[in-house]
Amino acid sequence: MPDRVIAGSDHAGLKLRAEAVRVAREEGFEVDDLGPFSGDSVDYPDYARQVGEAVASGRARFGLLVCGTGIGMSIAANKVKGVRAAHCGDEFEARMARAHNDANVLCLGERILGLGLGAAIVTAFFQQPFEGGRHQVRIDKISAMEK
Ligand code: RB5
C-alpha cells in the first residue's frame, strides 16, 4: 500500500498546495487533501493542527502545509509532539530537512515561492531519504524534549 501524505493550507496557499498535492501523487503517495477549497479567509493553525496530528499519530507518513510565508504553519505544526516541520525555501533545504532532520512535515510559503520552485522543493523533500546514524541520535534528543 502506498504511503499517505496529508495536505492543508490557508487561503494564502491554495495554488501552491494544489501543486504540492499533484507532485506528491506523482511521487506515488496517496494524498488526503484537507483544503480549503475556496479563497475565504481561514486560520492556518487549524490546518497545521489537523495535519500535524495525522502525521504524529501515524495516519499519514508526511504532511504538506502551505500558507503565505510558510512560517505560521511551521510554528503551529511544531507544537504537535512528534512533528518535525521544516520551513523550506529551496531544494537544498528540503534535502537537508529529510537527510539530517528526518522532517515529516514540509511547510511552504506561496507568497514567496513560484509554483515551479515550490514543486521542485516538494520533489526534493520526497526523494531524499533520512540518513540516520549520528542524525538519529540528535532526533532522539529532540524527541526527549517532548517527554
Ligand atoms: C495570512 O494573511 C498569512 O498571515 C498567513 O498565510 C501566513 O503567511 C502566516 O504565517
Highest to lowest packing among 28-40, 86-98, 134-146, 3-15, scored as the average C-beta count within 10 Å:
3-15, 86-98, 28-40, 134-146
Could you work out the helix-only [θ] at 222 nm for the chain, with each DSSP H run of four or more residues adding -39,500 (n - 2.57) and the total divided by the number of residues, to the nearest 500 deg cm²/dmol?
-13500 deg cm²/dmol
Do you know the relative contact order of the chain, to the nearest whole percent, from alpha carbon pairs under 8 angstrom that are 6+ apart?
25 percent
Simple label model, 7 Å out from Cα along Cβ direction - L115 to A99, nm:
3.0 nm
Mind checking which of M145, G116, H100 is farthest towards the positive end of the chain's charge dipole, using Cβ charges of +1 (Lys, Arg) and -1 (Asp, Glu) about the Cα centre?
M145
Pair Q136, K15: separation of 7 Å Cα→Cβ label points (nm):
4.3 nm
Alpha carbon centroid spacing (whole Å) that separates segment 4-56 from segment 72-147:
15 Å
May I ask for the Rg/Rh ratio of the chain, computed from Cα atoms with Rh as the Kirkwood radius, given to two decimals?
0.94
When the expected Rg is taken as 2.2 N^0.38 Å, what fraction or multiple of it is the alpha-carbon Rg of segment 51-127?
0.98
Please provide three numbers in whole Å: the alpha-carbon extents of segment 106-147 along the principal axes, with the largest listed first.
37, 21, 10
Average silhouette area of segment 1-41, convex hull of alpha-carbon atoms, in square nanometres:
2.5 nm²
With +1 at each Lys and Arg Cβ and -1 at each Asp and Glu Cβ, the charge dipole magnitude of the chain around its Cα centre, to the nearest 20 debye, comes out at 460 debye
Can you spot the lysines whose alpha carbon is less than 28 Å from K141's alpha carbon? Ignore those fewer than 8 places along the same chain.
K79, K81
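Taken together, the values in this text are just the output of simple stated rules run on the coordinates, not laboratory data. For clarity, every value in this text was computed on a predicted model and none was experimentally measured. Neighbour counts run over all protein chains shown; Cβ positions are idealised from the backbone, glycine included.
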